[in-house]
1. Among the residues of region 40-54, what is the count of those that are of a type in the set (A, V, I, L, M, F, W, C) and either part of a loop (DSSP other than H, G, I, E, B) or exposed (fewer than 10 other Cβ atoms within 10 Å of the Cβ) (or both)?
2. Quick check: is even one residue across region 7-20 in contact with a Phe, Trp or Tyr (Cβ under 6 Å, 6 or more places away or on another chain), in contact (Cβ under 8 Å) with a residue 60 or more places away in the chain and either assigned to a strand (DSSP E or B) or of a type in the set (Ser, Thr, Tyr) (or both)?
3. Being outside any loop (DSSP other than H, G, I, E, B), buried (at least 18 other Cβ atoms within 10 Å of the Cβ) and either modelled with pLDDT under 95 or not small (Gly, Ala, Ser) (or both) is the filter here; which residues of region 128-150 pass it?
4. Within region 76-88, identify whether any single residue is out of contact with any helix residue (DSSP H, G or I) (no Cβ under 8 Å at 6 or more places or on another chain), of a type in the set (S, T, N, Q), at pLDDT below 95 and exposed (fewer than 13 other Cβ atoms within 10 Å of the Cβ), and answer yes or no.
5. Sort out which residues of region 50-96 are over 18 Å from residue 29 (Cα atoms), among the polar types (S, T, N, Q) and more than 17 Å from the chain's Cα centre (by Cα), and write them in order of number.
6. Looking at region 21-31 only, could you name the residues that are out of contact with any Gly (no Cβ under 8 Å at 6 or more places or on another chain) and in contact (Cβ under 8 Å) with a residue 40 or more places away in the chain?
Amino acid sequence: MDGIHLMATAMRAAQLKLDVSASNLANVSSDGFARRVARTTLGPAGLATSATRDAAPAPLRHTGRALDVAVAGAGSFFVRDSAGRAIPVRSASLERDARGVLVDDRGRALLGRNGPIAASASATIDADGVVRDDGRIVARIARSAGTSLESGFLTGTNVDGMHEMVDVLVAERAFETAQKTLSALDEERQKDADDVARIKA
């Protein structure tokens with residue numbers, strides 16, 4: 001692997017890191033957004049960068065709204081999408097649809113043990129996933145074992161804005177350095193080629 005190829009892969013790696021950090025920074029205030037982490041490795045084909053989801057827990061943000069619900073700790077609860085699939089989620093700001101079913105901001109129905117949950121706007125949700133309407137239990141939210149819920153909260157994001165700003169600057173500098181090195185190597189190669197041509201002439 002020559003220097004030009006290595007610098008080209010270094011530029012691609014720096015660009016991906018820049019894109020990942022910029023996306024994280026753009027979502028620093030997005031509830032439920034999980035930070036992505038870019039990691040670079042050196043292999044036979046040069047530098048390769050991949051992005052993975054940061055599993056670090058995100059803090060809960062207090063809203064005080066009874067139908068905002070988030071997982072406290074590990075686990076998830078479930079909503080049903082338009083294709084009928086049960087989707088695990090960790091946070092949802094619920095509203096009532098035209099049928100009185102509790103749905104999230106994507107229109108996915110909150111799932112109970114017996115299907116979608118219908119309740120009034122004054123319903124409450126406790127830590128065990130019990131949905132009460134006027135003090136009467138109307139459903140139990142489908143959730144993974146050991147999942148505890150917090151009503152009046154939404155999951156925030158695990159993005160640290162200052163950290164991402166530093167990562168953006170580091171990635172920009174790495175890209176510029178690789179670009180300058182690539183240009184210098186290319187100029188040197190062109191000079192060598194010109195010297196060989198003159199000698200042959």
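The values are calculated or read from the model by the stated rules, or taken from the named source; none is laboratory data. Here the structure is a predicted model, which is why all the values come from computation and not from measurement. Here the Cβ positions follow ideal geometry from the backbone for every residue, glycine too, while neighbour counts run over all protein chains shown.
1. The number of residues fulfilling the criteria is 1.
2. Checking region 7-20: not a single residue is in contact with a Phe, Trp or Tyr (Cβ under 6 Å, 6 or more places away or on another chain), in contact (Cβ under 8 Å) with a residue 60 or more places away in the chain and either assigned to a strand (DSSP E or B) or of a type in the set (Ser, Thr, Tyr) (or both).
3. Those that are outside any loop (DSSP other than H, G, I, E, B), buried (at least 18 other Cβ atoms within 10 Å of the Cβ) and either modelled with pLDDT under 95 or not small (Gly, Ala, Ser) (or both): 131, 141, 143, 149, 150.
4. For region 76-88, residues out of contact with any helix residue (DSSP H, G or I) (no Cβ under 8 Å at 6 or more places or on another chain), of a type in the set (S, T, N, Q), at pLDDT below 95 and exposed (fewer than 13 other Cβ atoms within 10 Å of the Cβ): present.
5. Scanning region 50-96 gives a single hit, 82.
6. 21, 22, 24, 27, 29, 30, listed by residue number.
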